[in-house]
Amino acid sequence: MDLTRARAGAGTREGDIRRRAIEATRALAAEGGYDSVQMRDVVRLSGLSSATIYRHFSSKDHLLAATHLDWIESLERSRAARPRGGDAAARVGAILSNTCRAMGRNPRLAGALIHALGSSDPGVRDCHRETNRIMHDMFRAAVQDEVENVDEFIRLLGIAWEGALFSWAFGRMTMDDVEHLVTRGARLLITGAAAEHPSEG
């Protein structure tokens, strides 16, 4: 799926189809979690035909991944994505904390979105790739020029965060645990990077 073209279709018929399907998916997931999202119910709530939905989304997991991407795009537009002040670790930590707390306020929805990201569906991979790009840009803006090898830092942080979120989604961690682990991990990664590349003079 061409995500750039899909976003450009907002306000068009294609954009309306995507919006209605995602809104229905979000409502079902928020109410009952991953197992409550059934394509027949998405059809009923959205008012779209199953053929129309399947032309745009290859599976339930693709729908959930698109819903996750839509949420991340909303986060990107919010003030929470652009914390000010403090050092790089504080700004990155603020993004992580804000995101974890938003997920904690909607645990069934968040759990369903994370669960779907484990799918091998190509549509899920496309959405996941775009989600990672957005988060990468947010973290890069937060870090500014305070961290050497910023791309490596973001990649390592992303691995830790995604692993923690999957542990939470399957009941092995609380969201408070996730928030503590990833914010602490971000600070340790930044401290380690600074130790490897001490400022001259």
Mind pulling up the Rg/Rh value for the chain? Radius of gyration and Kirkwood radius, both on Cα. 1.02
Say a site is exposed when it is one of the trypsin sites (Lys or Arg not before Pro), sits in a DSSP loop, and has at most 14 other Cβ atoms within 10 Å; what is then the longest site-free stretch of the chain? 85-171
How large is the dipole of the range 83-201 about the Cα centre if only Lys and Arg carry +1 and Asp and Glu carry -1, each at its Cβ, rounded to the nearest 20 debye? 580
Among F170, F139, F57, whose mean-square fluctuation peaks in a Gaussian network model of the chain (Cα, cutoff 10 Å)? F170
Computed FRET efficiency, Cβ-Cβ of R172 and E14, R0 41 Å: what is it to the nearest 0.05? 0.55
Just how large is the dipole of the chain about the Cα centre, in debye to the nearest 20, putting +1 at every Lys and Arg Cβ and -1 at every Asp and Glu Cβ? 840
Rel. contact order, % - alpha carbon contacts under 8 angstrom, at least six apart, the chain: 23
Computed Rg/Rh for the range 8-70 (Cα atoms; Rh = Kirkwood radius) stands at 0.93
Kirkwood Rh (inverse of mean 1/r, distinct Cα pairs), the range 99-195, angstrom: 14.3
Select from T12, T52, T25 the residue whose mean-square fluctuation is largest in a Gaussian network model of the chain (Cα-Cα springs shorter than 10 Å). T12
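Just so you know, all these numbers are worked out from the coordinates, no wet-lab data involved. Every value quoted in this text rests on a predicted model; they were computed, and no experiment measured them. Neighbour counts are summed over all protein chains in view; Cβ atoms, including those assigned to glycine, are modelled from backbone coordinates with ideal geometry.
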